[in-house]
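Just below is one structure, and these are the notes that go with it.
The values are calculated or read from the model by the stated rules, or taken from the named source; none is laboratory data. The shown structure was predicted, so the numbers you read here are calculated from the model rather than taken from an experiment. Because the Cβ atoms are built from the backbone with ideal geometry, glycine has one as well, and the counts that use them run over all protein chains shown. Note: accessible area is taken over every heavy atom of the protein model, side chains too, but ligands, DNA and RNA are not part of it. Shrake-Rupley method; radii C 1.70, N 1.55, O 1.52, S 1.80 Å.
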Amino acid sequence: MKKNWIKIAITIVLAGVAYYQVSDYFDYNNSLANALSPQSQEKIIVLIQKGSSARKIGNILQEKKIIRKGKNFERYVKSRKAEQKLLSGRFEVSPGMTIPEITEVLTNPKKAKNFITVPEGWTVTQIDDALVKMGIMKPEEFSQAAKNFQTYEKFPFLQKEKLQTRQQPLEGYLFPDTYFLDTGAFNAQTLIDQMLRNFQKKITAEKISADALDNTILIASLLEREVRTEKDLAIVAGIIWKRNESGWFLNIDATTLYDKDYDTYKIKGFPPGPIGNPGMKTIHAAANPVGSPYWYYITKPKTGEVVYAKTNDEQNQNRAKYLN
């Protein structure tokens, strides 16, 4: 009797497996033959980062409701040995397209529109390096275009006389964001103009005076490298402003990595200019610093937590406790 039950159980399991395999087979083939919404004319933009796997792209397509199941896209691409042919860029696809049709778009260089995502805090040099790796520009092409920038009159927030004395005049003002690079009329200057227009648009809401803007952006660029937790940004901004107003050395480690002339362990007050291109969180914090009794701070390497101190002795104790 026991053996009969075992046979029945095995039969049920095998039947279940067979049903699943048949169901999966029909689901997969249906997804190849039929679009999610066959009548749809909607165009949906998808951004594919360089090096994205078929699985990751399938998940993106599923999340955007372009296909039913990302795993079917992955399965199809791998069955056609097309994973290495998938391109990065900006693509227009539709729920009215089948998986083979979508794959055709994502492997067609003529359908790809380049884009670059500039993270908060990146320097001009880092942007240049990224464009070179993408094969869009030659080494230092972007850096030189930024260094030799001339059309200041188009952007009244740029203080030409002050900025032109710096080794990289536009550092701090090239707003971090995702930018689409239209292949027809695209060059370093058009990208710079896009970034400056974006900066102007974003900064308007902050209502920062013209006199305070440059130092605000400078402090924001320091915060990008010094503080990881949003709740501490305004407090550390207050400390930096206070140190500068008191004629102190700022003693900010990140400045030593940017350039020897920016080393705030050797020069009092602010460095000659920003050390990167900050985002809105740090700009807002720099424009709205919070007063505190603290003069010192350290950031815990593992957690990013900021520990404050009122005196140099307290600071040294914190350094010994958290940094050694």
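For the criterion of being surrounded by 13 or more Cβ atoms within 10 Å (Cβ to Cβ) and at pLDDT below 95, Leu14 fails.
Across segment 44-92, the qualifying residues are those that are part of a helix (DSSP H, G or I) and of a type in the set (Val, Ile, Thr), and the one among them that is farthest from Val105 (Cα to Cα) is Ile60. Within segment 98-111, take every residue that is open to solvent by less than 60 Å² (accessible area, probe 1.4 Å) and either in contact with an Asp or Glu (Cβ under 9 Å, 6 or more places away or on another chain) or free of Cβ contacts under 8 Å to residues at least 40 places away in the same chain (or both) and give me the one that is farthest from Met195 (Cα to Cα). Filtering first and then ranking leaves Thr103. Looking only at segment 21-43, filter to residues that are among the polar types (S, T, N, Q), over 11 Å from Ile99 (Cβ atoms) and assigned to a helix (DSSP H, G or I); which one of those is most open to solvent (accessible area, probe 1.4 Å)? If we take residues in segment 21-43 being among the polar types (S, T, N, Q), over 11 Å from Ile99 (Cβ atoms) and assigned to a helix (DSSP H, G or I), then Gln21 is most open to solvent (accessible area, probe 1.4 Å). Flag: Leu174 matches the condition of being in a loop (DSSP other than H, G, I, E, B) and out of contact with any strand residue (DSSP E or B) (no Cβ under 8 Å at 6 or more places or on another chain).
Residues in segment 127-170 that are among the hydroxyl-bearing types (Ser, Thr, Tyr) and outside any helix (DSSP H, G or I) were compared, and the one that is surrounded by the fewest Cβ atoms within 10 Å (Cβ to Cβ) is Thr165. When each of Leu174, Leu181 is tested for being closer than 20 Å to Pro271 by Cα and surrounded by 16 or more Cβ atoms within 10 Å (Cβ to Cβ), the lone residue that passes is Leu174. Looking at segment 301-320, which of the residues that are free of Cβ contacts under 8 Å to residues at least 12 places away in the same chain and either of a type in the set (Lys, Arg) or open to solvent by less than 70 Å² (accessible area, probe 1.4 Å) (or both) is farthest from Ala237 (Cα to Cα)? Ranking the qualifying residues of segment 301-320, first place goes to Ala320. In this entry, Val124 is excluded by the filter for residues that are surrounded by 13 or more Cβ atoms within 10 Å (Cβ to Cβ) and at pLDDT below 95. Somewhere in segment 174-185, is a residue within 29 Å of Lys302 (Cβ to Cβ) and under 18 Å from the mean Cα position of the chain (by Cα)? Looking for residues that are within 29 Å of Lys302 (Cβ to Cβ) and under 18 Å from the mean Cα position of the chain (by Cα), one finds at least one in segment 174-185, hence yes.
Look through segment 53-75, keep the residues that are open to solvent by 30 Å² or more (accessible area, probe 1.4 Å) and polar (S, T, N, Q), and return whichever of them is nearest to Gly96 (Cα to Cα). That would be Gln62. Within the option set Thr282, Thr264, Thr256, Thr303, being over 28 Å from Glu161 (Cβ atoms) and hydroxyl-bearing (Ser, Thr, Tyr) holds for one residue only, Thr303.
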